[in-house]
Amino acid sequence: MPKANRRMQDIEVPGTRQFANRVEEFPDCVDLTLGQPDFETPQPIKEAAIDAINTQSMKYSHNTGLYALREAISNYYKDRHGAHYDPNGEVLVTVGGSEGIDGVLRAILDPGDEVIVPAPTYLGYEPIIELSGGITKFVDTTDTGLIATPELIERNITEKTKAVLLNYPTNPTGVTYTKEQMDRLVEVFRKYDIFVITDEIYGENTLEGDHISLAGYPEIKEKVLVINGLSKSHGMTGWRIGYVTGHRQIMEEVTAVHLYNTICASLPSQYAAIEALKHQLHVPGEMNKEYIRRRDYIYDRLTGMGLEVKKPTGAFYIFPSVEKYEHDSFKFCTELLETVQLAVVPGRSFSEFGEGHIRLSFACSMHELEEAADRLEKYLHMLEAAK
Ligand SMILES: Cc1ncc(COP(=O)(O)O)c(C=O)c1O
């Protein structure tokens, strides 16, 4: 049989999927592997799509997306972050944040180029970097409070570095950056001729303080490519709407990748997204109130169990260390699932620097969260008793 591309040999099924698939084997399982809001898409957003299907043309849109949507995205950045992106040439509507990641990396990477990725981090970057011929250079943030410091970034820049890829609020750790921390990173980015890709898909899910977007630093605009979308902010994972913003020169190349890849994002979804960005910007704040309640509950329970954990300030994940029980996070999660039917994601899925940790999602009901905490506690007691 003919063989696939050699680079495919290194691409594995993500740990999140491996565990989500096993959940079906256990009918009484509590599933905290979820990477999407448990909130349904708000009704006015659904209705905007239905109305558009009935009244608007459903042919291809402009490759970069409907003008009204690009304008809404541009206004969103202006209002939220004081950033200026021209709807014509600096805003691209993509099929989820995922297509944005793919398009940006393929547009900028030559074989052998290195991308610095502070880790533990989202598992969607490495495969795309590698398929583009690039090299993923994970840098360990476990000694710096799970955030990238300027020293850490600078120490890892070489003549092969093409980009730094940040994700904040961060999946899987829930950490985010203060204005002061961002200012210091920007000082480093100013000095080097490299791109800064920033995946801010959880930006609206900032649970403490403000989200400080890299879009808000005009002095490095020509280097910054911002990836965002509506999947997490508006409970719209299935609609597949994301977007990329950046300086028009590089956006031309990203748009070329997108054009050959997808032509344009789905039309009904684009109309839904216009409604989300124009009239439903209060929605994430409402979801956040509930996430905060759940975050506080699970944080208290985990610390009560004696687990070391950083309190998340964004996204809907918490990332405790289980190192004192088991270093191998896949082993820990497998036994947790088989013994007390609780599904969580092994930290190693988020790079080697996530080892010894587990990711719990609190995008679930309070009842599920309580049950999950009880089961985890029971399991840890069993491990203590067996010592
Ligand atoms: C950090 C991060 N970026 C991007 C994505 C993909 O988002 P989308 O559903 O918009 O493709 C995810 C999904 O979990 C994510 O966690």
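The values are calculated or read from the model by the stated rules, or taken from the named source; none is laboratory data. Note that the structure is predicted; figures quoted are calculated from it, not measured. Counting neighbours? That spans all protein chains shown, and the Cβs are built from the backbone with ideal geometry, glycine included. For the accessible areas, the whole protein counts, side chains as well, though only heavy atoms, and no ligand, DNA or RNA atoms are used. Shrake-Rupley method; radii C 1.70, N 1.55, O 1.52, S 1.80 Å.
Among the residues of segment 352-378, those that are surrounded by fewer than 23 Cβ atoms within 10 Å (Cβ to Cβ) and not hydrophobic (A, V, I, L, M, F, W, C) comprise Glu352, Glu355, Gly356, Ser365, His367, Glu368, Glu370, Glu371, Asp374, Arg375, Glu377, Lys378.
Kindly indicate whether Gly96 is surrounded by fewer than 24 Cβ atoms within 10 Å (Cβ to Cβ) and under 24 Å from Tyr125 (Cβ atoms). Against the criterion (surrounded by fewer than 24 Cβ atoms within 10 Å (Cβ to Cβ) and under 24 Å from Tyr125 (Cβ atoms)), Gly96 qualifies.
Of all the listed residues (Ile147, Ile128, Ile157), the sole one being more than 17 Å from Ile227 (Cα to Cα), at pLDDT 95 or above and touching a helix residue (DSSP H, G or I) at 6+ places or on another chain (Cβ under 7 Å) is Ile147. Within the option set Ile263, Ile274, Ile318, being closer than 30 Å to Glu24 by Cα and of a type outside the set (Phe, Trp, Tyr) holds for one residue only, Ile318. In segment 145-171, the residues that are outside any loop (DSSP other than H, G, I, E, B) form Cβ pairs under 7 Å with partners that are among the basic types (Lys, Arg) and away from the ligand (no atom under 16 Å from the Cβ), at six or more places apart or across chains, as follows: Pro150/Arg184; Asn156/Lys137.
Screening Asp210 against (1) over 29 Å from Ala49 (Cβ atoms); (2) in contact with a Pro (Cβ under 9 Å, 6 or more places away or on another chain); (3) not basic (Lys, Arg) leaves a single unmet condition, (2). Checking Tyr271, Tyr202, Tyr260 one by one, the residue that is without any contact (Cβ under 8 Å) to a residue 12 or more places away in the chain and either within 30 Å of Thr161 (Cα to Cα) or outside the structural domain of Glu370 (by TED's automatic domain parsing) (or both) is Tyr260 and no other. A single member of Gly65, Gly112, Gly89 is outside the structural domain of Ala343 (by TED's automatic domain parsing), on the phi > 0 side of the Ramachandran plot, within 16 Å of the ligand (Cβ to nearest atom) and not in a helix (DSSP H, G or I), and it is Gly65. Of everything in segment 218-232 that is over 25 Å from Ala272 (Cβ atoms) and open to solvent by 20 Å² or more (accessible area, probe 1.4 Å), the residue that is nearest to the ligand (Cβ to nearest atom) is Lys223.
Only a single criterion out of (1) outside any helix (DSSP H, G or I); (2) in contact with a helix residue (DSSP H, G or I) (Cβ under 9 Å, 6 or more places away or on another chain) is not satisfied by Glu204, namely (1). Test each condition in (1) open to solvent by less than 10 Å² (accessible area, probe 1.4 Å); (2) in contact with a strand residue (DSSP E or B) (Cβ under 6 Å, 6 or more places away or on another chain) for Thr176 and report the one that comes out false. Exception for Thr176: condition (1). Filtering segment 244-255 for residues that are in a strand (DSSP E or B) and β-branched (Val, Ile, Thr) leaves a non-empty set.
The set of residues from segment 183-217 being away from the ligand (no atom under 16 Å from the Cβ) and of a type in the set (D, E, K, R) comprises Asp183, Arg184, Glu187, Arg190, Lys191, Asp193, Glu208, Asp210.
Evaluated against (1) β-branched (Val, Ile, Thr); (2) open to solvent by 10 Å² or more (accessible area, probe 1.4 Å); (3) in contact (Cβ under 8 Å) with a residue 12 or more places away in the chain, Ile129 falls short on exactly one condition, (2).
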